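The values are calculated or read from the model by the stated rules, or taken from the named source; none is laboratory data. Please read these numbers as outputs of a predicted model, since none were measured by experiment. Cβ sites come from the backbone with ideal geometry, for glycine too, and all protein chains shown count toward neighbours. Note: areas computed on protein heavy atoms with side chains; ligands, DNA, RNA excluded. Shrake-Rupley method; radii C 1.70, N 1.55, O 1.52, S 1.80 Å.
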Amino acid sequence: MTTTKAGVWEIHVAVGVIVREGQVLIARRPDHVHQGGLLEFPGGKVEPDETVQAALVREIAEETGLQIPPDTLQPMIGIRHDYGDKRVFLDVWRTEQAQGEAHGCEGQVIDWVSPDSLRDEDLPAANRPIIRALQLPFLLAITGNITADIGAHQVRAALTRLPKSDRPGLVLLRAPELAKDDYDSLAESGLDLCEAAGTKLLVHGSPEVFDDNPDAAGLHMPWREAEKLEARPVPDGVWLGVSCHNAHEINHAVAIGADYVTLGPLKPTATHPGAASLGWVQFRDLVARAPIPVFGLGGLEPADLGKVHQVGGQGVAGIRYWWPQS
């Protein structure tokens, strides 16, 4: 426990997201405690002079009987929540290598559930960004140069050239050069193509683009559109993403209810050879202060996923790794 400059207590809590065969371990808080009856992820307070990894190994063993190899834990997201008299920093780490069988060692009900079954109202508010991180994929594919006459063919070719194991969970249809009617027609075709490939389509641009394509999985806004807003422009239950380049833009995206952001360019890119890149250190520092999932963008490929996860990022967003180059 530490004290902030304003004299408010901040409690450092280690949270473990344990994934096994596509399901995540969840517990139900006893009815008699604060926020009783809600679901939660295993974990607990980090003791003085204790690392977050050591705290998770200890807490998860005490609560569930599972053994966690410390070197399998990867940072997932950091969330600060203000209760007025105290603040909680949820330091969330993920592993898929838990050993043993899980039991409610403290009398709590525990279960393995699909991440897609988790609902905001079932968990404390501070835990909700963890749901976003669990439900979002690791790969966000962005379309490259695209034309109205062969756009559907380009999307189909890009999807089918990838093996199923490497296909992105979300495809962002970015085509600012297309007229509105051409974009809407391509989005309609893209929805069917993505569904057939086992992925989902995001539309790109202003809130009006989503209004015209309400069957899309969500809206991704460039910063120039997001900075105009003061509130979330799409319904709950669909994805809202924002392209960001610095801490100010991330904070604004959070304020308007974004579910995730892309952040970049992380590395130099061929498409923007003169643009300044963040580099891994600055990317890590910005991710550490972001309370929502962050995709790295710019010069990245699926091979960079491990590095992105090591610094707490959600995954990789990109064009060149999947889009046929002309």
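Can you confirm whether segment 55-78 contains a residue that is in contact with a strand residue (DSSP E or B) (Cβ under 8 Å, 6 or more places away or on another chain), of a type in the set (S, T, Y), crowded, with 19+ Cβ neighbours inside 10 Å and without any contact (Cβ under 8 Å) to a residue 60 or more places away in the chain?
yes
Pick from L297, L229: which is open to solvent by 30 Å² or more (accessible area, probe 1.4 Å), touching a helix residue (DSSP H, G or I) at 6+ places or on another chain (Cβ under 9 Å), at pLDDT 95 or above and not acidic (D, E)?
Values: L297 fails: touching a helix residue (DSSP H, G or I) at 6+ places or on another chain (Cβ under 9 Å).
Checking each option against the conditions leaves just L229.
Considering only residues that are open to solvent by less than 50 Å² (accessible area, probe 1.4 Å), over 14 Å from the mean Cα position of the chain (by Cα) and of a type in the set (G, A, S), which ones fall in segment 149-170? Give the derivation first.
Quick first cut of segment 149-170, residues open to solvent by less than 50 Å² (accessible area, probe 1.4 Å) only: 151-152, 154-155, 157-159, 162, 168-170.
From what is left, the residues that are over 14 Å from the mean Cα position of the chain (by Cα) are 151-152, 154-155, 157-159, 162.
Selection gives G151, A152, A157, A158.
Looking at this structure, is L219 within 27 Å of R289 (Cα to Cα), in a loop (DSSP other than H, G, I, E, B) and open to solvent by less than 10 Å² (accessible area, probe 1.4 Å)?
Numbers: within 27 Å of R289 (Cα to Cα): yes; in a loop (DSSP other than H, G, I, E, B): no; open to solvent by less than 10 Å² (accessible area, probe 1.4 Å): yes.
It is false that L219 is within 27 Å of R289 (Cα to Cα), in a loop (DSSP other than H, G, I, E, B) and open to solvent by less than 10 Å² (accessible area, probe 1.4 Å).
Starting from segment 225-240, keep only residues that are over 21 Å from L173 (Cβ atoms), then list their pairs with residues that are at pLDDT 95 or above and in a loop (DSSP other than H, G, I, E, B) whose Cβ atoms are within a distance under 8 Å, requiring at least 6 positions of separation or different chains.
E230/I256; A231/I256; A231/G257
Could you please let me know if D166 is touching a helix residue (DSSP H, G or I) at 6+ places or on another chain (Cβ under 9 Å) and more than 25 Å from P302 (Cα to Cα)?
On the way: touching a helix residue (DSSP H, G or I) at 6+ places or on another chain (Cβ under 9 Å): yes; more than 25 Å from P302 (Cα to Cα): no.
Here the answer is no, as D166 does not meet what is asked.
Quick check, is A125 small (G, A, S) and over 30 Å from F41 (Cα atoms)?
On the way: small (G, A, S): yes; over 30 Å from F41 (Cα atoms): no.
No.
May I ask you to verify whether V287 is under 13 Å from the mean Cα position of the chain (by Cα), farther than 26 Å from I146 by Cα, open to solvent by less than 20 Å² (accessible area, probe 1.4 Å) and without any contact (Cβ under 8 Å) to a residue 24 or more places away in the chain? So that I can check it myself, show each step before the final result.
Details: under 13 Å from the mean Cα position of the chain (by Cα): yes; farther than 26 Å from I146 by Cα: yes; open to solvent by less than 20 Å² (accessible area, probe 1.4 Å): yes; without any contact (Cβ under 8 Å) to a residue 24 or more places away in the chain: no.
So V287 does not fit the description; no.
Give segment 185-207 a look and list any residue that's assigned to a helix (DSSP H, G or I), open to solvent by less than 30 Å² (accessible area, probe 1.4 Å), out of contact with any Lys or Arg (no Cβ under 7 Å at 6 or more places or on another chain) and without any contact (Cβ under 8 Å) to a residue 40 or more places away in the chain, or say none.
A187, G190, P207
Give I250, I292 a once-over and let me know the one that is assigned to a loop (DSSP other than H, G, I, E, B) and crowded, with 16+ Cβ neighbours inside 10 Å. Let's see the steps before the verdict.
On the way: I250 fails: assigned to a loop (DSSP other than H, G, I, E, B).
Only one candidate qualifies: I292.
Has segment 258-267 got any residue that is out of contact with any Ser or Thr (no Cβ under 7 Å at 6 or more places or on another chain) and open to solvent by 30 Å² or more (accessible area, probe 1.4 Å)?
no
So, G218, is that one of a type outside the set (A, V, I, L, M) and over 27 Å from H252 (Cα atoms) or not? Please lay out each step first, then the result.
Values: of a type outside the set (A, V, I, L, M): yes; over 27 Å from H252 (Cα atoms): no.
Judged against the criteria, G218 is not a match.
State yes or no: is H245 open to solvent by 30 Å² or more (accessible area, probe 1.4 Å), under 23 Å from L170 (Cβ atoms), touching an Asp or Glu at 6+ places or on another chain (Cβ under 8 Å) and not β-branched (V, I, T)? Give the derivation first.
On the way: open to solvent by 30 Å² or more (accessible area, probe 1.4 Å): yes; under 23 Å from L170 (Cβ atoms): yes; touching an Asp or Glu at 6+ places or on another chain (Cβ under 8 Å): no; not β-branched (V, I, T): yes.
In short, no.
If I ask for residues that are free of Cβ contacts under 8 Å to residues at least 40 places away in the same chain and either touching a Pro at 6+ places or on another chain (Cβ under 6 Å) or open to solvent by less than 100 Å² (accessible area, probe 1.4 Å) (or both), which ones from segment 98-116 would you list? Before you say what the answer is, go through the steps one by one.
Taking segment 98-116 as the starting set, the residues that turn out to be free of Cβ contacts under 8 Å to residues at least 40 places away in the same chain are 99-101, 103, 116.
Listed by number, the list holds a single entry, G100.
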